[in-house]
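The values are calculated or read from the model by the stated rules, or taken from the named source; none is laboratory data. The model shown is predicted, which means the values in this text are computed figures rather than measured ones. Ideal geometry is used to build each Cβ from the backbone, glycine not excepted, and the neighbour counts take in all protein chains shown.
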């Protein structure tokens with residue numbers, strides 16, 4: 001994980017509509033930047049839908065949500081449409097941003113070792129500085145926790 005107090009690395013990634021977004025586009029707003037393993041999977045769907053339900057309250061607190069995975073733009077579009085997600089999903093198939101934020105790690109599942117995204121969330125302040133960094137978050141609890149962190 002990146003350290004609290006350090007500048008969040010800027011990036012340029014396409015969203016679910018293919019529009020390239022930069023972290024710097026959100027200067028002046030707080031950003032909940034969350035990294036998740038895969039579109040349409042149970043945990044990731046639970047987390048995304050919970051962020052979607054809380055999104056109006058998150059916006060009221062002057063913040064936005066950005067979700068990043070290595071899924072394609074087309075996959076993100078299907079995920080966003082199926083669950084009516086009101087925030088941006090960014091595609092990082094080359095894992096450049098995922099690695100820059102130090103969430104690409106060795107994982108184990110049923111004895112198999114592989115590299116993958118560790119479900120993580122960063123809260124970035126209006127000036128682009130990391131103010132919270134959470135690793136191995138629980139999908140159902142993370143959105144509510146992040147809303148509380150905006151208070």
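Annotation note: Cβ proximity below 7 Å between a residue of region 21-49 that is on the phi > 0 side of the Ramachandran plot and a residue that is surrounded by fewer than 20 Cβ atoms within 10 Å (Cβ to Cβ) (sequence gap 6+ or interchain) occurs for 28/126.
Rundown of residues vs (1) part of a loop (DSSP other than H, G, I, E, B); (2) at pLDDT below 95; (3) within 22 Å of residue 136 (Cα to Cα), yes/no style:
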{"position": "4", "(1), (2), (3)": "yes, no, yes"}
{"position": "9", "(1), (2), (3)": "yes, no, yes"}
{"position": "52", "(1), (2), (3)": "no, no, yes"}
{"position": "57", "(1), (2), (3)": "no, no, no"}
{"position": "65", "(1), (2), (3)": "no, no, yes"}
{"position": "71", "(1), (2), (3)": "yes, no, yes"}
{"position": "78", "(1), (2), (3)": "no, no, no"}
{"position": "94", "(1), (2), (3)": "yes, no, yes"}
{"position": "106", "(1), (2), (3)": "no, yes, yes"}
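What residue, among those in region 57-85 that are exposed (fewer than 14 other Cβ atoms within 10 Å of the Cβ) and without any contact (Cβ under 8 Å) to a residue 12 or more places away in the chain, is nearest to residue 22 (Cα to Cα)? Once the filter is applied, the top-ranked residue is 74.
A single member of 143, 139 is buried (at least 17 other Cβ atoms within 10 Å of the Cβ), in a helix (DSSP H, G or I) and out of contact with any strand residue (DSSP E or B) (no Cβ under 7 Å at 6 or more places or on another chain), and it is 143. When 134, 88 are checked against the criterion of being in contact with a strand residue (DSSP E or B) (Cβ under 9 Å, 6 or more places away or on another chain), at pLDDT 95 or above, surrounded by 15 or more Cβ atoms within 10 Å (Cβ to Cβ) and under 22 Å from residue 27 (Cβ atoms), a single residue qualifies: 88. Are any of the residues in region 40-47 under 14 Å from the mean Cα position of the chain (by Cα), over 16 Å from residue 138 (Cα atoms) and surrounded by 15 or more Cβ atoms within 10 Å (Cβ to Cβ)? For region 40-47, residues under 14 Å from the mean Cα position of the chain (by Cα), over 16 Å from residue 138 (Cα atoms) and surrounded by 15 or more Cβ atoms within 10 Å (Cβ to Cβ): absent.
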